[in-house]
Amino acid sequence: MKGLSKILVGAAALYLCFAAGTLSVYAGTGIYVGKDVSAEGTTLVGISTEADTGMASVPVILDKGLMRKGDTIEASNGYSYEMPEDSAKITLIRMMGFTDYAGWTDCASNEYGVSVVTGITTDCNIDAQAADSFVFDGISEEVIAKVLCSSSKTAKEAVDLLCSIYDETGAETAEIVFVTDPEGAWVVENFTGHEYAAAKLPDDKIATFSNDPVIKSVDPDNSDMIVSDNLLALPEENGFAVYDEDNNLDLILSYNYDNGYNDESHLRGWVGHDIFASSEELEYDPEDGYDMFFAPDDKVSVKQAFAFFRNRFEGTAYDLRDEDNRVYYGINNQMVGNVNLVQVFDDVPAQMSSVVWTTPSNPTASPFIPIPAFADTLPDNFSTDITDDVYTDGILQFEFAKLNSTIYPKRDVYGSSVRHYWEGMEAVSANDIAKSVRGSWKDEYESSAAKAAVDMDDYIKKIVDGASENCIRISDELDWYLFRNGVKSAAVPDDEIEPFECEFDVVAYAHANGWDTNVEDGIFTATKDDKQIEIVIEGEDKGSVTFTGFDNNKLIEDFMGDETGTDGNGEPEAVESEDEAIIEEEDQAAEDEAVIEEEVQAAEDEAVIEEEIEAVEDGKEAKEEAVEEVAKAAAGRIEVDTIAALGEFFDEKIANIPRD
């Protein structure tokens, strides 16, 4: 979303003649990850919903056939789409009824595995709008996702439908729309009311973007591209064409506002290069472009995609913890109502290939919750649309909104441990989803689709119930912390405030993930199969197993081990092979044998010393001096050999102990 109402000195009247926005909304940021460079081997597309403070979205499942052939999908600007057939089952995320954007849908996924993610508009320049104006009652962001998912059977079919609407009816504003299915992903951009381009996205690249267009150039003869009739001719014929160094038409600079890059949007896209492809050593230049689609240094996990939406340029020259940089909005800022990300699996039936991840509130202090699109029901406390502009008890979105509102003024001091907590829980969910979609749910679907849907319903309920319970608990802990420590003004430096540390119930977490636990003599022990984790419990209460003061995320990753649902290269791996298990056992046996040999050698050296000492106990001073030298040398060998062996042992153990 992007601001549609502007004041342009000397051109305000002209702008208002051509711009058609009916709502003043703001920006958004997105990420695309091709399946070949995804750690899970899945396509990822996500966009933040950045509208205004006080926004909330709600997930809704529309039953198959809810909209009948001949029914219409209506938008608030007057656009109307007539259903060509009965509607598909659709899982969508839309704005709650109490907001100014009631019903606004930015993410949807249907029963055929087609998903649509929108929410980012771009700024078309005045000359382009004059040449091909936007249409006041043209299709709008408000309904694009719902329209495309209402009946499209494939991503390409949805892309063709949107392009035909741009041709016949036109668009209200310039939009970036992503469409996916198990075969891959497409992006569709309309630059003006009727001129657009669509491109199939590369599986071996990623992209991070904001409110600048993403398609820089097109080839009308490329079968993986769709180009409107006058997209290339319009800039040339109307004098706003900008060419690159090879004399090719640059669509971004030709159509974008003021024939340049939007500094704030450009920075958000650039930081993705800094995060995922730091080897490029790409310096930010507000006037210079960069490759929109690029190869990451390493495969990108769904957890890293989540983290991207919490980014505020940390570690860069634009770090928002520096007050001098406050002129920028971070990818995460207080205008973000929620984030929606679609994960698409290409190795399961299309009907169960999509998982919609959504945050109940701003991701500062709320987690991504997975909704398998094949599920039939959602918990009431998560899926109830609130139309009255008052706080309502028992609504997950409002519970997290309260927590975010408390944390946001001092997000690092109050929110760091909370963020780590949810990131750890997201890691668990991501692992569950990868294994379940490719494993138990897929198997269940092949024998009983209805049972598979019930399993997904139960899983969503478990996640939502846990999120609600822990959100309330953390809010109570934070309220007590503020009561005991006082609410600090923004003027107080963060490093002068004792940080809030939320509690983490290790026992409950371990049990939920299949570990057996025990507490004895101040040592917490968790065991699962042949794995074991030991933690020394600090403090007076040696029976307590609720921990604070260290990185909960690290501890959770220790519990998770290497269980990612893939083999590390993005390929599915349900169970470790027998050969791999044998190799691991042989390697471990070899390491153990080496340690034993070192210890035996040390013992033999010690025995030699004792024999030499006994041999010279006849009181001869000259031999005593020689024996002393031999003993010193041998003792040195013993010390070095033994410490080396023990060092390797303790290095391995210490590596698994969580630190502050």
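The values are calculated or read from the model by the stated rules, or taken from the named source; none is laboratory data. The model shown is predicted, which means the values in this text are computed figures rather than measured ones. Methodologically, a virtual Cβ is constructed for each residue, glycine included, from the backbone with ideal geometry; neighbour enumeration extends over all protein chains shown. Keep in mind that these areas ignore ligands, DNA and RNA; they rest on the heavy atoms of the full protein, side chains included. Shrake-Rupley method; radii C 1.70, N 1.55, O 1.52, S 1.80 Å.
Things worth noting here:
- Per-residue packing, averaged as other Cβ atoms within 10 Å, sorts the ranges 336-342, 298-304 into the order 336-342, 298-304, beginning with the highest.
- Measuring with a 1.4 angstrom probe and ignoring ligands and nucleic acids, Val454 comes out at about 70 Å² accessible.
- Taking label points 7 Å from Cα along the Cα-to-Cβ direction, Ala295 and Glu245 give a separation of 2.0 nm.
- Interchain or long-range residues, amide H under 5 Å from Thr29's placed H: Ser48
- Surface share of carbon and sulfur [accessible, 1.4 angstrom probe, percent] for the stretch 317-380: 42
- Violating pairs (Cα-Cα greater than 20 angstrom) within the set Lys153/Lys461; Lys35/Lys64; Lys303/Lys451; Lys35/Lys156; Lys64/Lys303; Lys299/Lys435: Lys153/Lys461; Lys35/Lys64; Lys303/Lys451; Lys64/Lys303
- Amide hydrogen proximity for Asn338: with H placed 1.01 Å from N in the peptide plane, the residues at 5 or more positions away or on another chain lying under 5 Å are Thr49.
- Value of Rg/Rh across the stretch 263-367 [Cα atoms, Kirkwood radius]: 1.01
- Convex hull projection area averaged over all views, the stretch 200-327, Cα basis, nm²: 9.4
- Phi to ³J(HN,Hα) by Karplus 6.51 cos²θ - 1.76 cosθ + 1.60 over the stretch 158-170, Hz, x for Gly, Pro: 5, 4, 4, 5, 5, 4, 5, 5, 4, 5, 8, 10, x
- Whole-Hz Karplus values for the stretch 72-79 come out as 10, 9, 9, 10, 5, 8, x, 5 Hz, taken residue by residue from phi with 6.51 cos²θ - 1.76 cosθ + 1.60 and θ = phi - 60°; glycine and proline positions read x.
- The equivalent ellipsoid of the stretch 395-461 has semi-axes of 35, 14, 5 Å, largest first, where each one is the square root of 5 times an eigenvalue of the Cα gyration tensor.
- Whole-Hz ³J(HN,Hα) from phi, Karplus 6.51 cos²θ - 1.76 cosθ + 1.60, for the stretch 491-507, glycine and proline x: 6, 6, x, 4, 6, 9, 10, 5, x, 6, 10, 6, 7, 10, 7, 5, 4
- Taking the Cα centre of the stretch 40-192 as origin and assigning +1 to Lys and Arg Cβ atoms and -1 to Asp and Glu Cβ atoms, the resulting dipole is close to 580 debye.
- Listed peptides 274-280, 183-189, 79-85 by packing density, highest first (mean Cβ within 10 Å): 183-189, 274-280, 79-85
- Average accessible surface for the stretch 15-168: 30 Å² per residue, computed with a 1.4 Å probe over protein heavy atoms with every protein chain in place.
- Accessible-area ranking of Arg312, Arg68, largest first, probe 1.4 Å: Arg68, Arg312
- Carbon-plus-sulfur accessible fraction, the stretch 392-512 (probe radius 1.4 Å, protein heavy atoms only): 52%.
- Mean projection area, nm², convex hull over Cα of the stretch 439-487: 4.2
- Computed extension length for Ala233-Gln532: 101.0 nm, one decimal, from 0.36 nm per residue of separation with the Cα-Cα distance subtracted.
- Computed from the C-beta positions of Asp319 and Glu157, the FRET efficiency with R₀ = 45 Å rounds to 0.55.
- Sites Ala102 and Asp204 - FRET efficiency at Förster radius 51 Å, r taken between beta-carbons, to 0.05: 0.80
- Solvent-accessible area per residue in the stretch 384-430 equals 38 Å², computed with a 1.4 angstrom probe and all protein chains kept.
- Whole-number D in µm² s⁻¹ for the stretch 130-226, Kirkwood Cα-pair radius fed into Stokes-Einstein, 10 °C, 1.306 mPa s: 115
- Extending 7 Å from Cα along the Cβ direction at Glu183 and again at Asp137 yields two label points whose distance is 3.5 nm.
- Inter-site label distance for Asp494 and Asp476 at 7 Å from Cα along Cβ, in nm: 2.9
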